[in-house]
Amino acid sequence: MTDPAAAAWHRLAETSVLLDGFHALKHALRFGAEVPLAVTTDREAALTLATELAPDVRDTLDALLTEVPENTYRSFVPRPHPTALAALAVRPAREANLQKLAHTPRSAPVIVLDNPRNLGNAGAVIRLAAGFGATGVVTTGTLDPWHPTVVRAGAGLHYATAVERLTIDELPSGPVFALDPEGDDIRSLKLPDDAVLAFGSERSGLSTELRARTDHLVSLPMRPQVSSYNLATSVAMTLYHWSTSTAAPL
């Protein structure tokens, strides 16, 4: 006999977002994700974890979680999470995200990752952007910002900000501040709330197309002979600089 949870999972998986682990599901629920199915190998342990770490979503999880055998759970995920919990969520409508990105006036910047290569880095940036209350994160190039590895690295916080892949021509309006070692020291600038903050590829930096769209090249303070910062570190430093000069509280 077919397991109903397994049948439902396989029916939904191709068109849904995989939320891998307790923290991804917790954050997605907090920010309004529609989650039709969530499974765990130990329902009691999952609810105990929610009581300890996220009591605000405990009742929602209680109503949502289905306990499944470990081998069934392992068949759902590419790499089992230590919390032994996974869920499928509805991806936000692209049109709704595009409207959020295009809406003006903006109270927080948009982050642009220009042709990023590393899925984990992209997820870490989305997590940062959500924490700082950024309007959204846009990627250019071939990387899918909703890839399961990106969502896992972002701890489900894709649902707390607008995440989309666009071309350079489709970027939201606003002054573009692009990070580059030859730019003006960021400490001498105030980043406006409607800024588009652009970061080049981990390997090759800013593309020619994005440079052509850039209004201001900006550099981060860096000790001589240190070649670069991690992408997520660069985004964190830039968002922190913006946050120290904005009047809008999170």
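Structural remarks
- When Ala108 is tested against (1) part of a loop (DSSP other than H, G, I, E, B); (2) open to solvent by 10 Å² or more (accessible area, probe 1.4 Å), only condition (2) is not met.
- Only one of the listed residues (Leu113, Leu98, Leu85) is under 17 Å from Gly21 (Cα atoms) and touching a helix residue (DSSP H, G or I) at 6+ places or on another chain (Cβ under 9 Å). That residue is Leu85.
- When residues of region 194-245 are limited to those that are touching an Asp or Glu at 6+ places or on another chain (Cβ under 7 Å) and touching a residue at least 60 places away in the same chain (Cβ under 8 Å), the one surrounded by the fewest Cβ atoms within 10 Å (Cβ to Cβ): Ser207
- Selection status of Pro175, modelled with pLDDT of 95 or more, closer than 19 Å to Ser243 by Cβ and open to solvent by 30 Å² or more (accessible area, probe 1.4 Å): yes
- All positions within region 144-154 that are more than 18 Å from Val90 (Cβ to Cβ) and not β-branched (Val, Ile, Thr): Ala153
- Applying the condition of being touching a helix residue (DSSP H, G or I) at 6+ places or on another chain (Cβ under 7 Å) and either assigned to a loop (DSSP other than H, G, I, E, B) or not aliphatic (A, V, I, L, M) (or both) to region 178-192 and asking which residue is surrounded by the fewest Cβ atoms within 10 Å (Cβ to Cβ) yields Lys190.
- For Pro145, the conditions (1) surrounded by 15 or more Cβ atoms within 10 Å (Cβ to Cβ); (2) of a type outside the set (Lys, Arg); (3) assigned to a helix (DSSP H, G or I) are fulfilled apart from (3).
- Matching residues, region 22-56, being crowded, with 16+ Cβ neighbours inside 10 Å and out of contact with any strand residue (DSSP E or B) (no Cβ under 6 Å at 6 or more places or on another chain): His23, Ala24, Lys26, His27, Leu29, Arg30, Thr41, Asp42, Leu47, Leu49, Ala50, Ala54
- Subset of region 1-17 (residues that are assigned to a loop (DSSP other than H, G, I, E, B) and either of a type in the set (D, E, K, R) or in contact with a Cys (Cβ under 6 Å, 6 or more places away or on another chain) (or both)): Asp3
- Considering region 63-84, and only residues there that are in contact with a strand residue (DSSP E or B) (Cβ under 6 Å, 6 or more places away or on another chain) and β-branched (Val, Ile, Thr), the residue that is surrounded by the fewest Cβ atoms within 10 Å (Cβ to Cβ) turns out to be Thr66.
- For region 85-98, the criterion of being polar (S, T, N, Q) and either at pLDDT below 95 or open to solvent by 20 Å² or more (accessible area, probe 1.4 Å) (or both) is satisfied by no residue at all.
- A count restricted to region 9-31 and to residues that are basic (Lys, Arg) and modelled with pLDDT under 95 stands at 1.
- For region 111-139, a tally of residues being outside any helix (DSSP H, G or I) and touching a strand residue (DSSP E or B) at 6+ places or on another chain (Cβ under 7 Å) returns 13.
- For Pro80, the conditions (1) part of a helix (DSSP H, G or I); (2) without any contact (Cβ under 8 Å) to a residue 40 or more places away in the chain all hold with the exception of (1).
The values are calculated or read from the model by the stated rules, or taken from the named source; none is laboratory data. All values derive from a computational prediction rather than experimental measurement. Positions of Cβ are backbone-derived with ideal geometry, glycine not excepted, and every protein chain shown enters the neighbour counts. All accessible areas refer to the heavy atoms of the entire protein, side chains included, with ligands and DNA or RNA removed. Shrake-Rupley method; radii C 1.70, N 1.55, O 1.52, S 1.80 Å.
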